[in-house]
1. Which residues, counting only those in region 19-54, are more than 22 Å from K78 (Cβ to Cβ), assigned to a helix (DSSP H, G or I) and among the β-branched types (V, I, T)?
2. Considering only region 90-103, I want to know if a residue exists there that is farther than 24 Å from V14 by Cβ, basic (K, R) and without any contact (Cβ under 8 Å) to a residue 40 or more places away in the chain.
3. Scan I27, I38 and give me the residue that is farther than 15 Å from Y71 by Cα and surrounded by 14 or more Cβ atoms within 10 Å (Cβ to Cβ).
4. How many residues are surrounded by fewer than 11 Cβ atoms within 10 Å (Cβ to Cβ) and in a loop (DSSP other than H, G, I, E, B) if we restrict to region 83-104?
5. Kindly provide the set of residues from region 61-89 that are of a type in the set (D, E) and farther than 23 Å from G12 by Cα, ordered by number.
6. Of the conditions (1) in a helix (DSSP H, G or I); (2) without any contact (Cβ under 8 Å) to a residue 24 or more places away in the chain, T58 clears all except one; give me its number.
7. I'm told E80 meets every condition in (1) out of contact with any strand residue (DSSP E or B) (no Cβ under 7 Å at 6 or more places or on another chain); (2) acidic (D, E); (3) assigned to a strand (DSSP E or B) except one. Can you identify the failing condition by its number?
Amino acid sequence: MEIQIPSLLLDGTVLALLNQEDLYGYIITKNVQERLPISESTMYPVLRRLRKNELLETYDIPFEGRMRRYYRITSDGKDELKKITEDWKNFRQIIDEMLGEKDE
């Protein structure tokens, strides 16, 4: 895929994953990489930005002698996910129409 992924869509992807369950950074990255061509170095700034904007919160759990940082979506994060989802549906509909992919 040669289309660059806008940061808002990466935000929505992360929020959607965390809306299902709390995850730690490595698993979030691997889940996104299974579907989209992104590097590991791309995901951690996304997580930091979402946390800074209070759309995510973190907590640590001991794992094999070290702490593993988990991410959890906040109430504001759920609201943002709804907004991103609605914006995406509208954008996708417009692009589909322009590319001749109208619903029959």
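Bear in mind these aren't lab numbers, they're just calculated from the coordinates by the rules spelled out. Values in this document were obtained by computation on a predicted structure and should not be read as measured data. All Cβ positions, even for glycine, are placed from backbone atoms using ideal geometry, and neighbour counts span all protein chains on display.
1. The one that is more than 22 Å from K78 (Cβ to Cβ), assigned to a helix (DSSP H, G or I) and among the β-branched types (V, I, T): T42.
2. yes
3. Every option except I38 fails the conditions.
4. 5
5. The answer is E64, and nothing else.
6. In the conditions (1) in a helix (DSSP H, G or I); (2) without any contact (Cβ under 8 Å) to a residue 24 or more places away in the chain, T58 misses (1) alone.
7. (3)
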